[in-house]
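Reviewing the structure listed below.
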Amino acid sequence: MNENFINTWVSNVELGRTRNKRAFIAARIQQGYKPFDKTRPLAQAIMKGWKLRSPADSLVISTDLDVMGRLPVNERISPYNGPKGYLLFLQESLAEKRPGLPEPAREPPSSDWNTFLETAVESGAIANDSLSVVLTREHPEQEVLSIFRAAGQGYQDYTVVEIDTTVFKNGGVLTITISVGNTESPGSFDLYDGNTALPREGPPDGALTSAWDVPPGTKGTIEYPFQQGKVFRLGATGSWLSEKGKINGFLAEFSVEPTPEKGDKK
């Protein structure tokens, strides 16, 4: 097996498949646990391979992330029962016979993820206010996990993250990589000077730079060069293309590439 497969397992709880464990995961996040990024292509392939109402599935996934075979735990009957049956399942998967397919697979549980996000915010496991990061030379990378809401066409309902770069006296380049969750709402992200009043209505004309309409399950990037360290604010909101009230999650990764100071080695 080791010559043809990379053998691993993923907990149903980690991917939100087990609904009654959402509160457990929310509590773990509060204790510092970093949730599994379900926007990753491999995670998406696993979730697409699930069989509806099956408590566990054995999946064979190609290097191109195509589901080649599925064996639900409750269906290990002839000819796939026992060690020889499992070997047959693996052999047929490699031979592209697609055992267990093409029965309808379960689509990624966007509604479950949406409910999980709401539960996590309500429990305090994911903060939705007083978000901030401080970037320093010792810790030039930080991240924030939260949600955004759509306010409707022409409006912003910002989730605000304060970004402190004041230690970088000679400036640098601020990079923000934003992973948007897999529910139906795209996200729009605007970077502001820390002293700018964030608009709740109309175009965000005061923004320094933006990443708009980032689709679910994808990433957007903001890069902003600055001459002197200061405080910025990132506003995250639902895209104007989204229905009012829709929410989604986002993971924002912040980093600074500082301008070299005099005496720094190149």
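The values are calculated or read from the model by the stated rules, or taken from the named source; none is laboratory data. From a predicted model like this one, the values you see are computed outputs, not experimental measurements. Because the Cβ atoms are built from the backbone with ideal geometry, glycine has one as well, and the counts that use them run over all protein chains shown.
Descriptive notes on the structure:
- Scanning the stretch 238-266 for residues that are of a type in the set (Asp, Glu), assigned to a loop (DSSP other than H, G, I, E, B) and closer than 18 Å to Leu145 by Cα gives no hits.
- Close pairs (7 angstrom Cβ cut-off, 6 or more residues apart or separate chains): within 24 Å of Pro41 (Cα to Cα) in the stretch 66-81, acidic (Asp, Glu) and surrounded by 13 or more Cβ atoms within 10 Å (Cβ to Cβ) anywhere: Gly69/Glu92; Arg70/Asp57; Leu71/Asp57; Pro72/Asp57; Val73/Asp57
- Extreme residue, surrounded by the fewest Cβ atoms within 10 Å (Cβ to Cβ), among residues of the stretch 238-260 that are under 19 Å from Glu141 (Cα atoms) and either touching a His at 6+ places or on another chain (Cβ under 6 Å) or of a type outside the set (A, V, I, L, M) (or both): Pro260
- Considering only residues in the stretch 204-237 that are aliphatic (A, V, I, L, M) and in a strand (DSSP E or B), the one that is surrounded by the most Cβ atoms within 10 Å (Cβ to Cβ) turns out to be Ala236.
- Meets criteria (out of contact with any His (no Cβ under 9 Å at 6 or more places or on another chain), assigned to a helix (DSSP H, G or I), modelled with pLDDT of 75 or more and of a type outside the set (S, T, N, Q)) for Leu71: no
- The selection criterion, being crowded, with 16+ Cβ neighbours inside 10 Å, among the polar types (S, T, N, Q) and assigned by TED's automatic domain parsing to the domain that holds Ser11, does not hold for Ser78.
- Test result for Val161, buried (at least 19 other Cβ atoms within 10 Å of the Cβ) and in the same structural domain as Gly217 (by TED's automatic domain parsing): yes
- Any chance Gly229 is within 15 Å of Ile147 (Cβ to Cβ) and in the same structural domain as Ser132 (by TED's automatic domain parsing): no
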